[in-house]
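Contents: one structure, followed by commentary.
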Amino acid sequence: MADTSGKGGVAGRQPRTQGVHDLPARGRAECTGFIESVTHQPPSEQPFFSAVVVDDLRPGTRSTGSSGGVRQAYDRLRVIWLGRTRVPGIEAGVQVRLNGMVTHVDGLPAMFNPRYEILSRQEHL
């Protein structure tokens, strides 16, 4: 019997949104999170713009130990745009959706030059 509800199958499938905590150890991924902080490089260094993305902006972080599984969960994702000193709209407090390849840099998951979409931003008074 065919599904006529419009909710099943590929056409009605909603994309699964995952947080930083759910990222795979390596490979292409899409996640949603909040910019916790940004790092600006001094002019004497090679240009890159870096941000740290977290699942939520609540104070404190949950500790995630290795569960003995195939991968370890992380609380933070480092996002790095090479060759840029600034990325429009990327600032602390902004909610973003990122799409890119996950790798590891200095023990943390990282995405280089990901596609991004700004979902919401804090209003400044």
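The values are calculated or read from the model by the stated rules, or taken from the named source; none is laboratory data. All values derive from a computational prediction rather than experimental measurement. Positions of Cβ are backbone-derived with ideal geometry, glycine not excepted, and every protein chain shown enters the neighbour counts. With ligands, DNA and RNA removed, areas are computed over all heavy atoms of the protein, side chains included. Shrake-Rupley method; radii C 1.70, N 1.55, O 1.52, S 1.80 Å.
Determine ³J(HN,Hα), in whole Hz, for all residues of the range 31-46 in sequence, where each value follows from phi through the Karplus function 6.51 cos²θ - 1.76 cosθ + 1.60 and θ = phi - 60°; x replaces Gly and Pro.
These are the phi-based 3J(HN,Hα) values: 8, 10, x, 10, 6, 8, 7, 10, 10, 9, 7, x, x, 6, 8, 5 Hz.
Please list the non-local residues whose amide H lies under 5 Å from the amide H of Val102, H modeled 1.01 Å from N, same-chain partners needing a gap of 5 or more.
Placed amide hydrogens put Gly27, Arg28, Ala29 under 5 Å from Val102.
Whenever you get a sec, line up Arg121, Arg84, Arg76 from highest to lowest accessible area (probe 1.4 Å, protein heavy atoms).
Arg121, Arg84, Arg76
Tell me, what HN-Hα J-couplings in whole Hz come from the Karplus equation 6.51 cos²θ - 1.76 cosθ + 1.60 at θ = phi - 60° for each residue of the range 79-86, using x for Gly and Pro?
10, 10, 9, 7, x, 10, 9, 7
Taking the Cβ of Arg97 as the centre, find all other residues whose Cβ is under 9 Å away and add up their charges (Lys, Arg: +1; Asp, Glu: -1).
Summing Lys and Arg as +1 and Asp and Glu as -1 gives -1.
Taking 7 Å along the Cα-to-C-beta vector as the label spot, tell me the Ser37-Met101 distance in nanometres, rounded to one decimal.
2.8 nm
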